[in-house]
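Take a look at the structure below.
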There are 2 protein chains.
Amino acid sequence: MKDIPRATAKRLPIYHRYLRYLHNAGKTRISSTELSEAVKVDSATIRRDFSYFGALGKRGYGYDVEYLLQFFGKTLNQDRLTTTALIGVGSLGNALLNYNFRKSNNVRIGAGFDVNKDLVGTVHSGIPIYSIEELEEQLEIQAIDVAILTVPQEFAEEIVDRLVAAGIKGILNFTPLRFEVPSHVRIQNVDLTNELQTLIYFINQDEANLSME
Amino acid sequence: MKDIPRATAKRLPIYHRYLRYLHNAGKTRISSTELSEAVKVDSATIRRDFSYFGALGKRGYGYDVEYLLQFFGKTLNQDRLTTTALIGVGSLGNALLNYNFRKSNNVRIGAGFDVNKDLVGTVHSGIPIYSIEELEEQLEIQAIDVAILTVPQEFAEEIVDRLVAAGIKGILNFTPLRFEVPSHVRIQNVDLTNELQTLIYFINQDEANLSME
């Protein structure tokens with residue numbers, strides 16, 4: 001299967017989550033209009049997204065919930081649990097440990113790492129916290145190849161270098177920095193300030209447009 | 001100015017942040033190649049992004065740092081401070097209060113809201129926490145029109161209805177739900193599980209592609 005657009009990939013978990021909900025509720029099929037209203041994605045986009053995976057619906061019938069669910073589950077590797085390491089148990093790291101992606105059943109944080117000696121050796125929200133010195137060793141022992149980066153910005157570059165050297169495959173980056181990594185390492189940047197600024201930018205645009213009308 | 005693509009809008013704060021850094025470091029101009037390397041956005045994308053705002057660079061000279069900085073600052077409304085309300089002071093809410101978008105100088109959280117009687121009336125990371133019953137009143141008194149939603153999923157729908165009725169203009173939504181709101185209300189969804197699943201999806205795709213080579 002070829003790489004699909006990032007925007008499509010980001011919508012797959014949303015489709016999958018809603019289909020699981022429908023399936024649990026005993027629903028066997030759904031029209032594209034219903035699906036569109038439920039997930040707040042317009043139906044043209046849904047059809048285009050689905051087209052990357054071949055034609056999945058039937059005209060006049062809609063989509064078969066169980067078939068779609070299995071299909072997206074397989075695509076998203078829902079059967080396989082991915083364990084991740086959280087690096088940096090500060091306030092955001094702590095919130096992520098507590099949250100631990102509970103809404104999903106295929107990803108979880110399995111280990112935390114920090115420099116704080118008061119934290120090392122403790123268990124937070126059921127997750128053991130290791131010293132950052134044990135990073136490479138624990139990643140190997142626990143066969144972890146995805147890391148969540150919540151360290152202060154000034155330590156981020158060094159940690160990313162160590163992660164790459166240790167053979168990490170993916171990093172969910174919560175720092176505002178952008179990293180140069182080999183092409184076999186995937187980085188997904190989550191920039192909360194940026195999300196808020198983007199929202200405000202669009203609000204301001206709406207107001208500017210209104211005042212011109 | 002017309003609406004620019006969402007992807008471009010999301011990159012504006014990144015450009016702006018780096019330009020501020022350059023300006024503070026005393027740099028007066030930057031080539032598109034340097035800018036591209038620094039912000040990890042390919043130069044074709046940068047040129048396309050900049051084209052929405054008219055031609056900003058000069059061939060053979062690059063970009064004038066101060067001019068660009070002022071230009072993006074104005075576009076992003078960096079001169080105007082936007083105060084937001086945080087609704088739901090749980091573990092993620094607390095992390096956001098502590099974080100409080102410090103890297104930016106134009107957005108901050110000014111008030112927190114929760115149902116927990118132990119929290120109401122206290123100050124967390126310098127931010128006063130109000131009872132959710134005071135929501136409408138405080139939004140009006142403090143002239144807040146942007147909210148950050150970090151409540152448990154089961155209360156989200158009701159809070160969004162109240163925010164919309166109170167005249168909110170934008171919501172940064174951290175719940176996994178998608179809301180139906182009037183067109184004058186902007187919602188920016190931040191779905192952390194989705195971000196992690198997208199990352200893992202791409203890692204799996206990389207591996208599938210490798211094993212086919």
Could you list all residues from the stretch A:66-118 that are modelled with pLDDT under 80, in a helix (DSSP H, G or I) and within 8 Å of another protein chain (Cβ to nearest Cβ)? A:Thr75
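With A:Val146, A:Val181, A:Val151 as the choices, which residue is touching a strand residue (DSSP E or B) at 6+ places or on another chain (Cβ under 7 Å) and at the interface with chain B (Cβ under 9 Å from one of its Cβ atoms)?
A:Val146 is the lone residue from the list that is touching a strand residue (DSSP E or B) at 6+ places or on another chain (Cβ under 7 Å) and at the interface with chain B (Cβ under 9 Å from one of its Cβ atoms).
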Out of A:Gly88, A:Gly93, A:Gly26, sole residue that is surrounded by fewer than 16 Cβ atoms within 10 Å (Cβ to Cβ) and either assigned by TED's automatic domain parsing to the domain that holds A:Asp118 or among the small types (Gly, Ala, Ser) (or both): A:Gly26
For B:Arg178, state whether it is charged (D, E, K, R), in the same structural domain as B:Val115 (by TED's automatic domain parsing) and within 25 Å of A:Leu12 (Cβ to Cβ). yes
For A:Phe50: the one exception among (1) touching a Leu at 6+ places or on another chain (Cβ under 7 Å); (2) at pLDDT 80 or above; (3) assigned to a loop (DSSP other than H, G, I, E, B): (3)
Only listed residue being more than 15 Å from the chain's Cα centre (by Cα) and among the hydrophobic types (A, V, I, L, M, F, W, C), chosen from A:Phe101, A:Phe72: A:Phe72
Where A:Leu199 falls short, out of the listed (1) within 19 Å of the chain's Cα centre (by Cα); (2) hydrophobic (A, V, I, L, M, F, W, C); (3) within 11 Å of chain B (Cβ to nearest Cβ): (1)
Of all residues making up the stretch B:101-121, the number that are closer than 25 Å to A:Thr193 by Cβ and among the β-branched types (Val, Ile, Thr): 2
Can you tell me how many residues within the stretch B:127-144 are assigned to a strand (DSSP E or B) and out of contact with any helix residue (DSSP H, G or I) (no Cβ under 8 Å at 6 or more places or on another chain)? 3
From A:Ala147, A:Ala156, A:Ala143, residue being at pLDDT below 95, in the same structural domain as A:Ile187 (by TED's automatic domain parsing) and of a type outside the set (D, E, K, R): A:Ala143
Residues being surrounded by 15 or more Cβ atoms within 10 Å (Cβ to Cβ) and touching a strand residue (DSSP E or B) at 6+ places or on another chain (Cβ under 9 Å): count how many of those fall in the stretch B:41-68. 8
Kindly list the number of the only condition in (1) assigned to a loop (DSSP other than H, G, I, E, B); (2) at pLDDT below 85 that fails for B:Lys10. (1)
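Yes/no per residue for (1) touching a residue at least 60 places away in the same chain (Cβ under 8 Å); (2) surrounded by fewer than 18 Cβ atoms within 10 Å (Cβ to Cβ); (3) farther than 30 Å from A:Ile187 by Cβ:
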site: B:Val115; (1), (2), (3): no, yes, yes
site: B:Asp118; (1), (2), (3): no, yes, yes
site: B:Ile144; (1), (2), (3): yes, no, yes
site: B:Gly167; (1), (2), (3): no, yes, yes
site: B:Asn173; (1), (2), (3): no, no, no
site: B:Thr193; (1), (2), (3): no, no, no
site: B:Ala208; (1), (2), (3): no, yes, no
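The values are calculated or read from the model by the stated rules, or taken from the named source; none is laboratory data. If you're wondering where the values come from, they're calculated on a predicted model, not measured in any experiment. Backbone-built Cβ (ideal geometry, glycine too); neighbour counts: all protein chains shown.
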